[in-house]
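The values are calculated or read from the model by the stated rules, or taken from the named source; none is laboratory data. It should be emphasised that the depicted structure is a prediction, and the values quoted were computed from it without experimental measurement. No Cβ is skipped: glycine too gets one built from the backbone with ideal geometry, and neighbour counts run over all protein chains shown.
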Protein chains: 2
Amino acid sequence: MKESVKMKKVEGGVCAAKGFTAGGIHCGIRKNRDKKDLSVIFSEVPGTAAAVYTTNLVKGAPLVVTKQHLADGKAQAVICNSGNANTCNANGIEIAQQMSGLLADELGIGANDVIVASTGVIGQPLDIEPIAGGMKALGASLSKDGSTDAAEGIMTTDTIKKEIAVEFELGGKTCRIGGIAKGSGMIHPDMATMLVFITTDAAISSAMLQKALSGDIQSTFNMISVDGDTSTNDMVCVIANGLAGNEPVTGEGEDFSAFMKALNTVTVSLCRMLAGDGEGATKLLECTVTGASDLKCAKTVAKSVICSSLLKAAMFGADANWGRVLCAIGYSKADVDVNKIDVSFRSPKGEICVCRNGAGVEFSEEKAKEILLEKEIEILVELNSGTASSKAWGCDLTYDYVKINGDYRT
Amino acid sequence: MKESVKMKKVEGGVCAAKGFTAGGIHCGIRKNRDKKDLSVIFSEVPGTAAAVYTTNLVKGAPLVVTKQHLADGKAQAVICNSGNANTCNANGIEIAQQMSGLLADELGIGANDVIVASTGVIGQPLDIEPIAGGMKALGASLSKDGSTDAAEGIMTTDTIKKEIAVEFELGGKTCRIGGIAKGSGMIHPDMATMLVFITTDAAISSAMLQKALSGDIQSTFNMISVDGDTSTNDMVCVIANGLAGNEPVTGEGEDFSAFMKALNTVTVSLCRMLAGDGEGATKLLECTVTGASDLKCAKTVAKSVICSSLLKAAMFGADANWGRVLCAIGYSKADVDVNKIDVSFRSPKGEICVCRNGAGVEFSEEKAKEILLEKEIEILVELNSGTASSKAWGCDLTYDYVKINGDYRT
């Protein structure tokens, strides 16, 4: 990947790229009329498409239907409701097909070109009535400014809307790529992740789009964890409509690398937003592992640290309890020499080394507290055994996580 | 294992068996003078011994020393402090050796026959001074009534003392086996578990004792989880001093089976106490999986359910959110047919089926709430795919878990 690729942050989320509009409405799946519960994304021309799905054996019905629709590598629209996951229901597949069909009719496209998704409670029948009744309004909500509404319509326990877009060049043409995401609890992706919808006007074949996405998630969405629970409805998908007019990307090379870098900028931003908005979270945790013998080792260590309930609770309390970092590395099954590990904590308030060669060093508890009271904490782990590195993202464990999940259904 | 083995619960914990005494004192490792921090168990004659240890790569120094001492399969005493784990310290091994030596001198036995253990904060030097200064008092504390004091001296965030003893027959002789345990957080054992000390007056070779213990923990201590964190200092050990006078158990057979059953009675009791006293816990959760295709599948499913933060929080809120049980089974990697799964919740208030064939069934939310408000909840998972079964134990996730771990060190 060339470092020379220029990237500029732009407004507009999933509508930043040419030819895309989006929208969101309250149709009545949720009781609260102030909360949008149905979202749409639309490309004025059909695009290539790629997706990755949860590895949970229990798979939401919408994922099954989307997978069928994307078999030809093409898509033109996304429909997604919140408030009900449409999972573990007897008629889930039928409902997901009806959702696709209703949107296709409204937009005058093929049902086969619709990506369908749902998020919310598992195991409660999803009523098609409010969705059918709201379809006209949903179509009417489509606009170039609609990314924020779409981001809002897919939120469950999320407290912030998650959108991002960047501009970059591909073969001399200006391209844009942007995305929205939802996810706050039940986040511990494995090969795929929470609901993420990405749009781009770059021209790229569906094969290369899938390759870019499948490669990217290994170091992005698969490296975040809020609570160790892998959802049944996780999905990340991308639509590329080619309206930027670049020479289509159909193989490896400079253009593919530039696209990968732009995609990665979007996905890392969304990962940080997802982890930082973990249910009840007050802090974003980023663990950076360096000096690992290989990539697998680096990733295993980073993810184990981020997943430790004990470390997460310590971070909530701004407690520099580095023994819990070492403990989490120790049980990660990664092949490390514990006597070579250095650990530091870093935030905008500074950096402090708390462990060297696997043993504690004297440090100022006062300074450590000051660093750990910040909203974004970096946990730096140097294994001193090689050159591989990896990052993982998570959040602290708080009273509010327990509160939110102690009675989610009612 | 014959069901005819008679087992009677008796008082006395680790002192229930002939020839064992125990005690505990406050020596000054902890600042709080009201909290005991040093414990001892002593057998008047040397016994055979067996142990299992944490699989965490970061291993407490006491475990390394104990492993050396048990290489000959013999032990006569246990010393254990709380308040400091003596782990990730430059001079940890030396301190653990000094602890063994000091106790050996006090009791007039070989240092090689001492099992040494520590529990508490990781990565802070353990001062030998208070231990050396308290050694006379520790020796003097030994008594036939001392099991409770010993159980208290090894507690960290535990809220209840954990001890149990049973009486059974072996070759016509009355034998006893009893144990004490500590553990509340950082509990997710893997091949070994929290600190558990078991004593028996049965005569059994060290090889068969190790075989009994290594076999037993697979379905007991390895099937509990409080928070998914595997400690660096986990250890379970048994001393058998043979004073019951039974024909020594030196191979498989009826006597070995009877011993296994007695051991299992003690370990299952301690497991339930450990899980039910998980940090901040208000409920003991027991997941029973039946109808699995094989034992591995049953264990994987049971443990995945018990480990789900989302389910644990739902149980705290007495919320019959069975979708989280299915979700946890789905990501467990166990080979199951999700469309065959039935789920019920049971407690002293009754039993309620909430999911059949992988989909929700109508049930009374009121009745479910009544069942789930109890202190001990059974989660019954029927996979309908075979005859293997397994149990796992855990606890709910509460505000207090976060509180306890948000600032453990200070």
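A few notes on this one:
- Subset of segment A:365-391 (residues that are free of Cβ contacts under 8 Å to residues at least 60 places away in the same chain and more than 14 Å from chain B (Cβ to nearest Cβ)): A:LYS367, A:GLU370, A:ILE371
- Segment B:227-249, residues that are free of Cβ contacts under 8 Å to residues at least 60 places away in the same chain and more than 14 Å from chain A (Cβ to nearest Cβ): B:PRO248
- Some residue of segment B:79-96 being at pLDDT 95 or above, away from chain A (no Cβ under 14 Å) and surrounded by fewer than 24 Cβ atoms within 10 Å (Cβ to Cβ): no
- Residue match in segment A:259-270 (condition: modelled with pLDDT under 80 and away from every other protein chain (no Cβ under 14 Å)): no
- Selection of segment B:52-111 for residues being of a type outside the set (Lys, Arg) and part of a strand (DSSP E or B) yields B:VAL52, B:TYR53, B:ALA75, B:GLN76, B:ALA77, B:VAL78, B:ILE79, B:CYS80, B:ASN81, B:SER82, B:ASN84.
- Here A:ALA334 passes the criteria (1) surrounded by fewer than 22 Cβ atoms within 10 Å (Cβ to Cβ); (2) more than 22 Å from A:LEU372 (Cα to Cα) except the one numbered (1).
- No other residue among A:GLY108, A:GLY120 is within 14 Å of chain B (Cβ to nearest Cβ) and on the phi > 0 side of the Ramachandran plot apart from A:GLY120.
- The set of residues from segment A:204-235 being surrounded by fewer than 20 Cβ atoms within 10 Å (Cβ to Cβ), part of a helix (DSSP H, G or I) and out of contact with any strand residue (DSSP E or B) (no Cβ under 7 Å at 6 or more places or on another chain) comprises A:ALA207, A:LYS211, A:GLY215.
- Taken together, B:ALA165, B:ALA151, B:ALA137 contain a single residue that is in a helix (DSSP H, G or I) and buried (at least 24 other Cβ atoms within 10 Å of the Cβ), which is B:ALA151.
- Condition met for A:LEU57 (touching a His at 6+ places or on another chain (Cβ under 8 Å) and either hydrophobic (A, V, I, L, M, F, W, C) or under 24 Å from A:ILE217 (Cα atoms) (or both)): no
- Within segment A:52-71, the set of residues being more than 14 Å from chain B (Cβ to nearest Cβ), touching a helix residue (DSSP H, G or I) at 6+ places or on another chain (Cβ under 7 Å) and either over 20 Å from A:GLY215 (Cα atoms) or modelled with pLDDT of 90 or more (or both) comprises A:PRO62, A:VAL65, A:HIS69.
- Test: residue in segment B:323-344 that is in contact (Cβ under 8 Å) with a residue 12 or more places away in the chain, more than 26 Å from A:THR55 (Cβ to Cβ) and more than 8 Å from every other protein chain (Cβ to nearest Cβ): yes
- Close pairs (8 angstrom Cβ cut-off, 6 or more residues apart or separate chains): without any contact (Cβ under 8 Å) to a residue 24 or more places away in the chain in segment A:63-75, hydroxyl-bearing (Ser, Thr, Tyr) and not in a helix (DSSP H, G or I) anywhere: A:LYS67/A:TYR53
- Scanning segment B:252-268 for residues that are in a helix (DSSP H, G or I) and of a type in the set (Asp, Glu), we see that the one that is farthest from B:GLU167 (Cα to Cα) is B:GLU254.
- Candidate set from segment A:307-319 (those that are more than 7 Å from every other protein chain (Cβ to nearest Cβ) and buried (at least 24 other Cβ atoms within 10 Å of the Cβ)); member that is nearest to A:ALA368 (Cα to Cα): A:MET315
- Residue check: A:LYS299 meets all listed conditions (1) under 24 Å from A:LEU383 (Cα atoms); (2) surrounded by 24 or more Cβ atoms within 10 Å (Cβ to Cβ); (3) touching a strand residue (DSSP E or B) at 6+ places or on another chain (Cβ under 8 Å) but one, namely (2).
- The residue that is nearest to B:ASN56 (Cα to Cα), among those in segment A:318-350 that are touching a Gly at 6+ places or on another chain (Cβ under 9 Å) and of a type in the set (Asp, Glu), is A:ASP337.
- Test result for B:GLY179, over 10 Å from the mean Cα position of the chain (by Cα), modelled with pLDDT of 85 or more and either within 14 Å of chain A (Cβ to nearest Cβ) or more than 25 Å from A:GLY323 (Cα to Cα) (or both): no
- Filter pass, A:ILE160 being under 30 Å from A:SER309 (Cβ atoms), in a loop (DSSP other than H, G, I, E, B), among the hydrophobic types (A, V, I, L, M, F, W, C) and assigned by TED's automatic domain parsing to the domain that holds A:ARG272: yes
- Residue in segment B:383-390 that is surrounded by 22 or more Cβ atoms within 10 Å (Cβ to Cβ) and over 18 Å from A:CYS88 (Cα atoms) present: yes
- Residues of segment A:45-82 that are among the small types (Gly, Ala, Ser) and in contact with a Ser or Thr (Cβ under 9 Å, 6 or more places away or on another chain): A:GLY47, A:ALA49, A:ALA50, A:ALA51, A:GLY60, A:ALA61, A:GLY73, A:ALA75, A:ALA77, A:SER82.
- Condition met for A:LYS74 (surrounded by fewer than 18 Cβ atoms within 10 Å (Cβ to Cβ) and among the charged types (D, E, K, R)): yes
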